[in-house]
Amino acid sequence: MKLNNFIIKNFLRNLNNYTLYIFALVFSVALFFSLLTLTLDEAAMKEISNSTAMSSLFTVGSVTVVIIIILFVMFANLIFIKRRHKELALFQLIGMNRSKVFRILIVENFMIYFGSLIGGILLGFFISRLLLMLLLKIMRVDMMVEMNFSPLAVLITASVFVFIFIVLMIQNYVFLKRSSLIKLLKLNKTSESAGKPVGMLTIIFGITGILMIAAGYYMSQTMFEQTMKSPFLLPVFMVSILVLTILGTYFTFKYSVAFILNMFRKSKNGRVNVSDVLSVTSVMFKMRSNSFLLTMITVITAISITAMSLSYITYYSTEKMLDSRSPYDYTVNSTEDIDFYEKLLTENGYEIDRMEKTFMHYNVMATEDNTDVELNGMESVGIVVASDTEFSGFDVSANETHVTGTLAVLDMFMSFKEGDPVTFTDGEGYERTVEVTETMSEGVLPAYLSFGMPVLIVDEAVYQELTKHQPEPDTDFEMPSELYAFNIAGGDEQEVYDLMNDDAHPSFESKLKEYNEMVELSGMMTFIIGFLGFAFLLTSGCILYFKQIDECEDEKGSYNVLRKLGFSEGEILKGLALKMIISFGIPLIIGLLHSLFAVKSGWFIFGIEMWTPTLIVVGVYTMLYSIFALMSLGYYKKVVRKSI
């Protein structure tokens with residue numbers, strides 16, 4: 001038989017083992033090609049990207065996908081070549097030299113990778129259009145999607161995967177070069193820490209790992225509070241949290257899991273059943289040998305979920321943040337400007353609701369309760385005060401105040417809680433104290449007039465009293481004290497903005513324009529980060545699946561023995577199902593905990609609502625991640641059925 005015919009027959013015989021690997025490769029090519037096609041689509045980029053920074057997000061995303069793919073295929077290739085150690089040794093035993101064995105690997109990998117390349121490009125062409133439609137929907141951009149095939153994207157994709165193929169061939173060559181015939185025959189005979197007992201050091205390091213993670217969590221929750229007082233501590237906190245969490249995760253997989261599962265096993269006093277043997281006993285030792293890999297997967301999971309949650313928090317909070325920052329459709333600089341636009345819009349069939357309000361900037365006493373920054377001798381903080389008669393919907397008593405425009409991020413600098421006292425001062429002996437009775441995120445003034453700070457609404461009598469004791473204004477900088485704005489009756493729309501947007505017209509601030517810009521930017525960030533998160537999920541899930549296949553192949557003999565001893569298929573599968581829950585569940589749970597604490601530590605910088613968007617991301621990620629556990633269990637089920 002000719003060598004080429006032998007290679008093809010051998011490849012077809014092993015094709016079932018490569019099914020998910022080939023699928024993952026095809027999908028990886030499709031993801032990269034589709035993202036690259038979007039980046040090179042000039043019409044789409046012109047429509048959805050209004051800045052160089054936004055365009056560069058696609059480039060960064062494409063490069064990140066390439067890095068993910070390279071790491072994934074190198075690790076997967078190493079797993080598969082180690083699984084074939086006996087086969088490679090047999091080739092050498094029947095007289096093949098290493099160059100012929102290497103040639104076999106080259107031809108097999110050539111068929112896999114370049115077949116996947118062609119399939120991935122075809123799939124990516126259709127996916128790119130679906131992704132563009134999804135991106136346009138997320139960004140709320142109205143655009144006709146056309147089927148455009150980019151030869152440049154094909155050329156770049158082919159070049160990248162030729163480079164990856166060369167890297168893999170170098171990896172295979174190094175593996176064969178370093179592996180002697182005897183080493184290949186004994187490759188999988190070393191046990192995965194099965195012979196190492198759970199001693200005192202394991203217990204000590206196990207408890208240490210859990211304590212390190214707990215310390216990292218605690219520091220993450222106090223980081224911003226501490227660094228607002230001492231900003232130079234921020235990098236110290238960040239590095240410390242990363243070191244504690246990552247090292248603690250490694251110790252958890254290396255020692256803590258074995259320690260905890262061993263306690264569970266001992267609690268049974270020797271009365272373990274087949275489910276315990278197949279799940280608890282198996283996992284407690286194999287996690288120790290795979291601790292580095294599981295740590296990497298857990299950290300990647302935490303990073304992915306954290307990034308996706310924070311980006312979705314921003315997107316999810318857009319409308320609420322805008323209601324706080326820009327409460328009116330249009331804001332102008334004077335009464336004359338309102339008159340001008342009222343005439344212009346009336347002539348074109350639009351009616352407006354005018355808003356002309358007055359307010360003032362006043363100092364409130366700075367205390368440890370309402371100010372989280374280091375005071376450094378500062379006695380008061382400037383803030384905007386308005387009368388309840390100026391803004392509709394307010395009826396404030398004489399000794400009360402309502403706080404509006406309270407974004408979560410402001411808690412880093414100044415916070416007002418219901419029941420807190422607020423003392424106004426002119427700095428010359430006058431003081432007036434009121435109590436906060438209500439707080440709300442909706443604002444009554446645009447952020448550029450209130451300087452991003454909350455606005456205090458007080459009783460008209462209190463407002464007049466404060467006016468009488470208002471300090472002399474700073475002659476170097478005139479603080480704004482009047483609002484000129486209007487809303488479009490029936491709601492604003494793009495046609496109104498286009499009508500007003502003329503260089504010859506008075507300048508204005510548009511809520512609609514700001515909304516579109518925020519949605520486009522946050523939507524693109526959510527799309528890119530979600531895209532990369534899915535790529536991370538695909539690779540980490542596949543790696544865990546490949547590891548389970550590898551373990552399953554090693555344990556085939558054990559299933560055969562169990563069946564001969566009288567254990568049913570259902571009893572064995574029950575233990576294997578528990579093994580899948582532990583093997584996939586522990587990295588996922590630890591990764592989710594890492595991400596939840598990370599999100600909780602700084603979510604307020606990105607938006608107003610935390611739990612709803614975060615739980616949506618966690619739920620979707622967990623559901624997709626669970627598919628790989630079910631696929632692994634399906635593979636085990638097939639092997640168990642064939643074991644007798």
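Checked against (1) within 30 Å of residue 304 (Cα to Cα); (2) among the hydrophobic types (A, V, I, L, M, F, W, C); (3) modelled with pLDDT under 80; (4) surrounded by fewer than 18 Cβ atoms within 10 Å (Cβ to Cβ), residue 48 passes all but a single condition, namely (4). For the residues 495, 514, the requirement of being among the acidic types (Asp, Glu), modelled with pLDDT under 95, exposed (fewer than 13 other Cβ atoms within 10 Å of the Cβ) and under 42 Å from the mean Cα position of the chain (by Cα) singles out 495. Cβ separations smaller than 9 Å between residues 6+ apart or across chains give the following pairs from the stretch 220-234 residues that are in a helix (DSSP H, G or I) and loosely packed, with under 14 Cβ neighbours inside 10 Å to residues that are modelled with pLDDT of 75 or more and of a type in the set (D, E, K, R): 221/600. Only residues that are outside any loop (DSSP other than H, G, I, E, B) and surrounded by 17 or more Cβ atoms within 10 Å (Cβ to Cβ) were counted across the stretch 602-619, and they come to 6.
Among the residues making up the stretch 172-183, those that are in contact with a helix residue (DSSP H, G or I) (Cβ under 9 Å, 6 or more places away or on another chain) and either buried (at least 17 other Cβ atoms within 10 Å of the Cβ) or aliphatic (A, V, I, L, M) (or both) are 172, 175, 176, 179, 181, 182. Residues in the stretch 280-302 that are modelled with pLDDT of 80 or more and either in contact with a His (Cβ under 9 Å, 6 or more places away or on another chain) or not aliphatic (A, V, I, L, M) (or both): 286, 288, 289, 290, 291, 292, 295, 298, 299, 301, 302. Is one or more of the residues making up the stretch 502-509 acidic (Asp, Glu), touching a residue at least 24 places away in the same chain (Cβ under 8 Å) and surrounded by fewer than 21 Cβ atoms within 10 Å (Cβ to Cβ)? The answer is yes; a qualifying residue exists.
Any chance the stretch 346-359 includes a residue that's buried (at least 16 other Cβ atoms within 10 Å of the Cβ), of a type outside the set (A, V, I, L, M, F, W, C) and in contact with a strand residue (DSSP E or B) (Cβ under 9 Å, 6 or more places away or on another chain)? So far as the stretch 346-359 goes, yes, one or more of its residues are buried (at least 16 other Cβ atoms within 10 Å of the Cβ), of a type outside the set (A, V, I, L, M, F, W, C) and in contact with a strand residue (DSSP E or B) (Cβ under 9 Å, 6 or more places away or on another chain).
Of the helices (runs of 4 or more DSSP H) contained entirely in the stretch 477-577, those carrying at least 1 residues that are within 22 Å of residue 357 (Cβ to Cβ) fall at 494-500, 511-554. Count of the stretch 156-197 residues, restricted to those that are in a loop (DSSP other than H, G, I, E, B) and either farther than 20 Å from residue 76 by Cβ or modelled with pLDDT of 85 or more (or both), is 10. The single condition from (1) buried (at least 18 other Cβ atoms within 10 Å of the Cβ); (2) assigned to a helix (DSSP H, G or I) that residue 464 fails is (1).
The values are calculated or read from the model by the stated rules, or taken from the named source; none is laboratory data. Just so it is clear, the model here is predicted, and its values are computed rather than measured. Because the Cβ atoms are built from the backbone with ideal geometry, glycine has one as well, and the counts that use them run over all protein chains shown.
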